[in-house]
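Here's the structure we're looking at; comments come further down.
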Amino acid sequence: MPRSPPNRDLAALPAPSADGRAHSEKVVAQVEALIVEAGGWIPFADYMGAALYAPGLGYYVAGTRKFGADGDFVTAPEMTPLFGGALAAQVADVLARIPGDVIELGPGTGRLAADMLPALAARDVLPARYRLLEVSPELRARQREHLQRRVPALLARVEWIDVLPERWRGALVANEVLDAVPPHVVVRRDGVWHERGVALDGGCLALSDRPLAEGKLRAAARARFPAEGDYASEINPAAQALVSSLARRCEAGAMFFLDYGFPEAEYYHPQRATGTLMAHYRHRALADVLFRPGLADLTAHVDFTAIAQSGVAAGMTLVGFTSQARFLVNCGMLDLLAQVGDPSSSSYLREAAAVQKLLSPAEMGELFKVLALSRGIDDVLRGFREGDRSRRL
């Protein structure tokens, strides 16, 4: 999703509907119950997990509109089908070497699948199955409706799953997935280590820091944080565990993670001393991560060094890391744009505007990165033939 500066004037934000307020109150009640049950405090990772994924209530599983102009953010597949067309060029190369499935994590409205399937068919490398890992019944229904309308002849190849497959081969795609995996927040203040969490203060949810004992979380923060000064940032063992699990289950193929984030040295730069956590509501980025639980998305940038290390430790090979702009250009996005038609036509101008946002360093082209891990593929992948930054990880 395109980033925007934090909006600090909360009073100027669009008010939720009565149903929205009632829903948020249910989420707050759920979080309060978790806090009471835990003895008065929960780690921020637990709060974010409940706000986003609590069954029937969380932001990503409840029936509220999240994507597009009427939602809270716009992802690349919602902007232009050329994104899926370019990504399909890379996925096609993988399937040509290792026939198998395509697995898409966090498939949103189904637009990426609807764009990639015909592009793969045109290259004569359709997957055996296009598997959508989706736990939200509401989003599954939207995805099915969209695919039925867009690619009815290919719908038979689509399969919905709600757990990771035990084994897989082919290609796995995760576009803006890792940023929504709940991280822990570690704070070093006056040389003392704390973990940030959520407690009740006067009957309201409030951020609260507690001493952090020696252990893996503190050790990870000590290794990554700058050596001196007060500092707060995210450590995401859950994201690392997800990538490790996906890698171990891979018999042969490649995984592509597209998201906003940095290598470790940039993520934990001394000037980034307050971390990257943000809330997103009606296309506004908010620093208040407790804002309207259940109605606002919560995200943290991705530490791509940790993600790469997790995949490699699980037996896969790092085969590429670059900016989204370089990856999409390498995969032929500008050629696809040229095929849209007359450069003066409204359709071309619309697609060109979307491509500009995806490629511009001032928009999504530089902040968003692409990381690839493979097993059983020795060739240089198309998306990383020029501009590979793997040495920066």
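The one condition from (1) surrounded by fewer than 17 Cβ atoms within 10 Å (Cβ to Cβ); (2) part of a strand (DSSP E or B); (3) over 22 Å from the mean Cα position of the chain (by Cα); (4) of a type outside the set (Val, Ile, Thr) that Ala223 does not meet is (2).
A quick yes/no check of all residues on (1) outside any helix (DSSP H, G or I); (2) surrounded by fewer than 19 Cβ atoms within 10 Å (Cβ to Cβ):
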position	(1), (2)
Glu228	yes, yes
Ser233	yes, no
Leu246	no, no
Gly253	yes, no
Phe257	yes, no
Gly275	yes, no
His280	yes, no
Leu298	yes, no
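Does Leu358 meet the test of being at pLDDT 95 or above and open to solvent by 10 Å² or more (accessible area, probe 1.4 Å)? For Leu358, the condition - at pLDDT 95 or above and open to solvent by 10 Å² or more (accessible area, probe 1.4 Å) - is not met. Of the residues that make up the stretch 374-392, is at least one closer than 24 Å to His269 by Cβ, touching an Asp or Glu at 6+ places or on another chain (Cβ under 9 Å) and assigned to a helix (DSSP H, G or I)? Among the residues of the stretch 374-392, at least one is closer than 24 Å to His269 by Cβ, touching an Asp or Glu at 6+ places or on another chain (Cβ under 9 Å) and assigned to a helix (DSSP H, G or I), which makes the answer yes.
Could you pull out the residue among Ile307, Ile377 that is open to solvent by less than 30 Å² (accessible area, probe 1.4 Å) and either without any contact (Cβ under 8 Å) to a residue 12 or more places away in the chain or over 23 Å from the mean Cα position of the chain (by Cα) (or both)?
The match here is Ile377.
The number of residues in the stretch 40-64 that are in contact with a His (Cβ under 9 Å, 6 or more places away or on another chain), of a type in the set (Gly, Ala, Ser) and within 14 Å of Ser24 (Cα to Cα) comes to 1. For Arg157, the conditions (1) out of contact with any helix residue (DSSP H, G or I) (no Cβ under 8 Å at 6 or more places or on another chain); (2) in contact (Cβ under 8 Å) with a residue 40 or more places away in the chain are fulfilled apart from (1). Within the stretch 197-216, being open to solvent by 30 Å² or more (accessible area, probe 1.4 Å), out of contact with any Leu (no Cβ under 6 Å at 6 or more places or on another chain) and touching a residue at least 40 places away in the same chain (Cβ under 8 Å) holds for Leu200, Leu207, Ser208, Arg210.
The values are calculated or read from the model by the stated rules, or taken from the named source; none is laboratory data. Quick caveat, the model's predicted, so the values are computed rather than measured. Here Cβ is always computed from backbone atoms with ideal geometry, including for glycine, and neighbour counts include all displayed protein chains. Keep in mind that these areas ignore ligands, DNA and RNA; they rest on the heavy atoms of the full protein, side chains included. Shrake-Rupley method; radii C 1.70, N 1.55, O 1.52, S 1.80 Å.
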